[in-house]
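Nothing in this text is a laboratory measurement; each read-out follows from the coordinates by a stated rule. Since this is a predicted model, take the numbers as computed values, not measurements. FYI the Cβ positions are ideal-geometry reconstructions off the backbone, even for glycines, and counts take in every protein chain you see.
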């Protein structure tokens, strides 16, 4: 991750180039919380950017926003200091199918977050269109809709996985019900390097992790969790993992040789990945995650459970034993960031309502749940992750992007 060597009120400013940061682990580097958290943050600029749950990317003082405006999916580049628009790309995308299903409350997307690497911006639209743009000017470098090979290149609830860029390749899971491909494309040309065609896509973003000394791409698919070789797509392991309504949407985390998975009504399960078939190491039904992904801090797993209509938890990631669970009716979703001494969580209500969203700050230890008073940061639901750099916090709510500052 690129860290800008500039201290700002005790914090280093930090790029946030992809879903959950450059390493996909939701960790903030060098964040120093204030001695006393304020009751309110200072509001800076605010810009109407469009609908969707996509989390902005932040690279070298520029924000990259992926959103819906009318019938178009738009990618915007904004100056992070002023909110001024630098360029835009738009693509007409019919997403009326999203209003004919149980996903209607979430709108027409997009749900996938942009990834920025090597001067390029990668977006993945609600109907499975992968686009590569020049980060400086917004020019389309290449674009694929995958219809020629997959027919319906998006799952039932619309595409939601974010592009993963590594070693000159862009990895994404494309396809629809029971039929899909995890593909690796050359970032410069868009040409396919390899593909794995073993299952339809889920809604969780792939991660890169080292398990058993081997680098692996780990992905929750429609009915499975799989580990692939990032070099050639070779299947290293797979296990069945099915959730109600095929909603595999929780990003996996890895501790040593343990791959930790969760899903609605599935509790949390750790699988030990060795040379053979994965084996269950532990399981708990005390908590379960729906769309909120957990974060790992040392041997502790922090997350937001769907139980009791929304509660935070801390588990021992080696054993699954709960250190604590806390709260109830805190919201329908929460996006968690590891901010060193504290956990920052953006708690939000139902996406089709008009209730406000709050930043919740609690201590990052296993002894007990110690929370500061919630800080209102949006008047509407905010399902995107907060983007934090130094004392600046960028919040994407239902249609607006707002800069807040910790005084």
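A few remarks follow.
- Each listed q (0.26 Å⁻¹) maps to a log10 I(q)/I(0) for the stretch 12-71 from the Debye sum over equal C-alpha point scatterers, namely -1.17.
- Equivalent ellipsoid dimensions for the chain as semi-axes, Å, which come from the Cα gyration tensor, largest first: 28, 27, 20
- Scaled radius of gyration (Cα, divided by 2.2 N^0.38 Å) that the stretch 157-309 gives: 1.00
- Overall dimensions of the stretch 286-407, expressed as equivalent-ellipsoid semi-axes from the Cα gyration tensor (√(5λ), whole Å, largest first), are 23, 17, 11.
- Taken as Cα centroids, the stretch 237-262 and the stretch 118-135 sit 26 Å apart, rounded to the nearest whole angstrom.
- Between residue 272 and residue 23, the modelled labels are 2.5 nm apart [label points 7 Å from Cα along Cα→Cβ].
- Comparing mean-square fluctuations of 18, 334, 225 from a GNM of the chain with C-alpha springs under 10 Å, the top value falls on 225.
- Taking each DSSP H run with n ≥ 4 as -39500 (n - 2.57) and averaging over every residue of the chain yields 0 deg cm²/dmol at 222 nm.
- With the convex hull constructed from alpha-carbon coordinates only, the stretch 1-121 shows a mean projected area of 9.5 nm² over all directions.
- Unit Cα scatterers, Debye sum, the stretch 303-366: log10 I(q)/I(0) for q = 0.13, 0.18, 0.19 Å⁻¹: -0.36, -0.66, -0.72
- Whole-Å distance, taken between Cα centres, linking the stretch 37-107 and the stretch 147-226: 23
- Chain lengthening between residue 178 and residue 84 when straightened (0.36 nm per residue, less Cα-Cα): 29.6 nm
- Computed label-point distance, nm, for sites residue 283 and residue 321 using a 7 Å Cα→Cβ extension: 2.1
- Of the peptides 351-361, 286-296, 44-54, 231-241, the order by per-residue mean of other Cβ atoms within 10 Å, starting with the highest, comes out as 286-296, 44-54, 351-361, 231-241.
- Protection-proxy order for peptides 60-71, 320-331, 170-181, each taking the mean of Cβ atoms within 10 Å per residue, highest first: 170-181, 60-71, 320-331
- Per-pair calculated FRET efficiency, R0 = 60 Å: residue 308 and residue 143 via Cβ, rounded to 0.05: 0.85
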